[in-house]
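Enquirer: One structure, pasted below without further comment.
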Amino acid sequence: MVYRGKLSPNCEPCRARGTKCDLARTGCSQCSRRGIVCHGYREVSGLRVVNETDRFSRKAIRAGHQYGGDFGRQVQRQRKIVQSLPVSILQPTLEDVANSFFFTSFVPGSHFGYLPIVSHATALANPLTACIRAVAVASFASEQQNPSMMKAALKHYSIALRETQPTMTSSSSIAAQDSTIICVLLLGLFEALCHKGQANPHNYTTHNAGALALLELRGPELVQTQIGYQLFLQVSSNIRVSCIVHQKRTPPRLLSLHRRMAPFIDPADPKVRFFTILDDFAELQAVVLENGISGSLEVAFSASRLDSRCENMMSTIYDSSLYTTHISDHEVAFGYGREWHQYPDAHIAQWWNSVRQTRIYLNQIILNQLDSAIYEDAEIESDCLDMQLAAIATTQQQAADICASVPQFAQAIHENRLQSNVAALTLVSRLFFPLCTVGISSVVPDSMKRYAARSLWFLGTAAKFPQAVEAAKMIEDKSLDTSWVHIFHV
């Protein structure tokens with residue numbers, strides 16, 4: 001049995017002609033322009049795995065006849081033995097196919113790029129194997145949109161939880177191993193893959209807290225290896241993003257851990273620099289929420305200073321993390337207007353969009369505070385009016401830049417030409433949260449909100465990411481609650 005990778009769902013006329021198919025719900029536009037009836041798009045789920053036993057057997061027999069003698073007779077005897085075996089012995093299990101899919105079409109380009117190295121060095125009985133199996137089946141079930149497969153994934157998830165729990169409560173040397181930390185992160189990824197509706201992602205948050213406890217056990221030694229450093233950044237980012245979304249302070253335990261790690265981490269690393277801004281932003285949000293502050297010029301100025309820090313960080317970034325801006329003579333395919341950005345990879349695009357989202361949130365605080373402020377001085381009122389206009393302009397520019405990050409990856413997904421076998425689902429998960437932020441902003445033009453919704457619908461349909469399609473509908477209905485969308489930031 002051979003796993004054939006990602007196949008094109010394009011309609012038959014487009015595949016025959018080698019033309020782009022837009023996969024429109026009402027029928028392919030190419031077929032419509034040519035006056036051809038579009039019979040829909042092919043279902044690729046049954047085509048991903050092909051039984052190649054007979055073909056390889058025939059090939060081997062031909063080779064045996066060519067060389068003659070004992071080799072040819074041996075090949076024919078082996079073929080008879082294989083043909084006599086029950087079919088069930090030759091069929092791959094769901095877990096085998098899911099595992100192949102996960103490592104070839106999900107892991108590359110994701111935050112779990114280290115997984116092949118770690119899993120290769122891990123014993124089969126290790127809890128990491130159970131966690132990988134659960135997430136692999138869940139990711140494959142999501143891609144196939146198969147409820148029965150998802151039920152099987154939930155059973156594997158229960159096994160993974162049962163096997164992981166003892167390692168977390170055992171000796172610190174076992175609990176703090178890379179594989180144990182990765183287990184907890186994978187359990188969080190499982191929660192994201194299976195999340196439905198606008199429910200509170202409590203289990204996802206719990207897994208992040210568990211991962212933080214393991215980082216504390218490991219201490220500074222963790223960041224002295226490449227994989228350990230990646231795990232530190234991954235857990236730290238997950239927790240900080242959750243705090244921003246839920247308007248909570250960064251946990252003191254994480255701040256204390258960061259100080260312990262400081263001598264061993266690169267302060268010029270863009271992610272590390274961004275963490276300090278997020279911590280101050282989380283503190284500001286928590287103070288405003290806990291004290292019910294409104295109409296405060298002091299809060300508005302604090303948010304403005306944080307926004308300036310973001311802007312300064314964006315202007316002093318590594319050359320390797322920069323992107324290229326393109327201006328087209330016409331509207332860009334899958335774009336908003338004529339401008340689009342080209343990034344070295346999806347990781348870098350996600351980092352830039354995370355900073356843009358933060359600036360959108362900060363400028364929303366400025367607008368909220370100034371809208372209800374009472375001015376005792378005409379000069380101060382004039383300055384604050386200028387600040388409001390600047391906040392609106394900044395928000396709209398950051399939203400436009402998020403939209404400009406979409407065409408590069410949407411076009412690659414549409415043309416089925418993803419580099420390095422990066423899965424469409426991985427790319428869409430990087431764009432999901434930023435586009436949701438654009439879709440609910442109160443000062444973004446309606447045309448841009450509609451673009452965000454359309455992009456989520458297309459990306460969700462193309463990548464079989466139902467949460468994106470669901471979010472697109474909620475943006476259109478103005479009912480999207482973003483308290484859950486950040487879990488796909490993983």
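The values are calculated or read from the model by the stated rules, or taken from the named source; none is laboratory data. Given the structure is predicted, the values throughout are model-derived calculations rather than measurements. Methodologically, a virtual Cβ is constructed for each residue, glycine included, from the backbone with ideal geometry; neighbour enumeration extends over all protein chains shown.
Enquirer: Could you say whether any residue in the stretch 389-398 is at positive phi, in contact (Cβ under 8 Å) with a residue 24 or more places away in the chain and either surrounded by 17 or more Cβ atoms within 10 Å (Cβ to Cβ) or in the same structural domain as A452 (by TED's automatic domain parsing) (or both)? Lay out the reasoning, then the answer.
Expert: At the first step, the residues of the stretch 389-398 found to be at positive phi are none.
Scanning the stretch 389-398, I find no residue that is at positive phi, in contact (Cβ under 8 Å) with a residue 24 or more places away in the chain and either surrounded by 17 or more Cβ atoms within 10 Å (Cβ to Cβ) or in the same structural domain as A452 (by TED's automatic domain parsing) (or both), so the answer is no.
Enquirer: Quick one: V438 ticks every box in (1) at pLDDT below 95; (2) crowded, with 21+ Cβ neighbours inside 10 Å except a single one, so which number is it?
Expert: V438 satisfies every listed condition except (1).
Enquirer: Let me ask something additional. Within the stretch 252-266, which residues are in contact (Cβ under 8 Å) with a residue 40 or more places away in the chain and assigned to a loop (DSSP other than H, G, I, E, B)?
Expert: Correct list: I265 only.
Enquirer: So is H195 without any contact (Cβ under 8 Å) to a residue 40 or more places away in the chain, over 29 Å from Y318 (Cα atoms) and buried (at least 16 other Cβ atoms within 10 Å of the Cβ) or not? Steps first, answer last, please.
Expert: Values: without any contact (Cβ under 8 Å) to a residue 40 or more places away in the chain: no; over 29 Å from Y318 (Cα atoms): yes; buried (at least 16 other Cβ atoms within 10 Å of the Cβ): yes.
Judged against the criteria, H195 is not a match.
Enquirer: Sort out which residues of the stretch 293-344 are more than 17 Å from V272 (Cα to Cα), under 24 Å from the mean Cα position of the chain (by Cα) and among the hydroxyl-bearing types (S, T, Y), and write them in order of number.
Expert: Selection gives Y323, T324, T325, Y336, Y343.
Enquirer: Something else now. Can you pull out every residue in the stretch 249-275 that is of a type in the set (V, I, T) and modelled with pLDDT of 95 or more? So that I can check it myself, show each step before the final result.
Expert: So in the stretch 249-275, the residues of a type in the set (V, I, T) come out as 250, 265, 272.
Within the stretch 249-275, just T250 meets the criteria.
Enquirer: Select from the stretch 192-220 the residues that are among the polar types (S, T, N, Q) and farther than 18 Å from Q234 by Cβ and write down the one among them that is modelled with the highest pLDDT.
Expert: Out of the qualifying residues, it is N200.
Enquirer: I need the full set of residues from the stretch 454-479 which are crowded, with 21+ Cβ neighbours inside 10 Å, under 23 Å from G337 (Cβ atoms) and of a type in the set (A, V, I, L, M, F, W, C), in order please.
Expert: L456, F458, L459, A468, A471, A472, I475 - these are the residues of the stretch 454-479 that are crowded, with 21+ Cβ neighbours inside 10 Å, under 23 Å from G337 (Cβ atoms) and of a type in the set (A, V, I, L, M, F, W, C).
Enquirer: Now a separate question. Taking the stretch 148-192 as the search range and keeping residues that are β-branched (V, I, T) and in a helix (DSSP H, G or I), which one is surrounded by the most Cβ atoms within 10 Å (Cβ to Cβ)?
Expert: Result: I181.
Enquirer: If you scan the stretch 267-281, which residues turn out to be over 21 Å from the mean Cα position of the chain (by Cα) and assigned to a helix (DSSP H, G or I)?
Expert: Within the stretch 267-281, R273, T276, I277, D279, D280, F281 qualify.
Enquirer: Further question on the same structure: Does any residue in the stretch 356-385 that is assigned by TED's automatic domain parsing to the domain that holds S302 come within less than 6 Å, Cβ to Cβ, of a residue that is of a type in the set (D, E, K, R) and surrounded by fewer than 17 Cβ atoms within 10 Å (Cβ to Cβ) six or more places away or on a different chain, and which pairs are these?
Expert: Y375/E381
Enquirer: Among the residues that make up the stretch 278-292, is at least one of them touching a residue at least 24 places away in the same chain (Cβ under 8 Å) and within 30 Å of P108 (Cβ to Cβ)?
Expert: Within the stretch 278-292 (the criterion being touching a residue at least 24 places away in the same chain (Cβ under 8 Å) and within 30 Å of P108 (Cβ to Cβ)), the answer is yes, since at least one residue qualifies.
Enquirer: Pick from S308, S320, S354, S256: which is surrounded by 14 or more Cβ atoms within 10 Å (Cβ to Cβ) and either under 19 Å from Q397 (Cβ atoms) or of a type in the set (S, T, N, Q) (or both)?
Expert: S354
Enquirer: Now for a different question. Test R309 against the criterion of being part of a helix (DSSP H, G or I), free of Cβ contacts under 8 Å to residues at least 12 places away in the same chain and charged (D, E, K, R), and give yes or no.
Expert: Answer is no for this residue.
Enquirer: Quick one: in the stretch 466-490, of everything that is closer than 20 Å to C194 by Cβ and among the β-branched types (V, I, T), which residue is nearest to the chain's Cα centre (by Cα)?
Expert: Filtering first and then ranking leaves V490.
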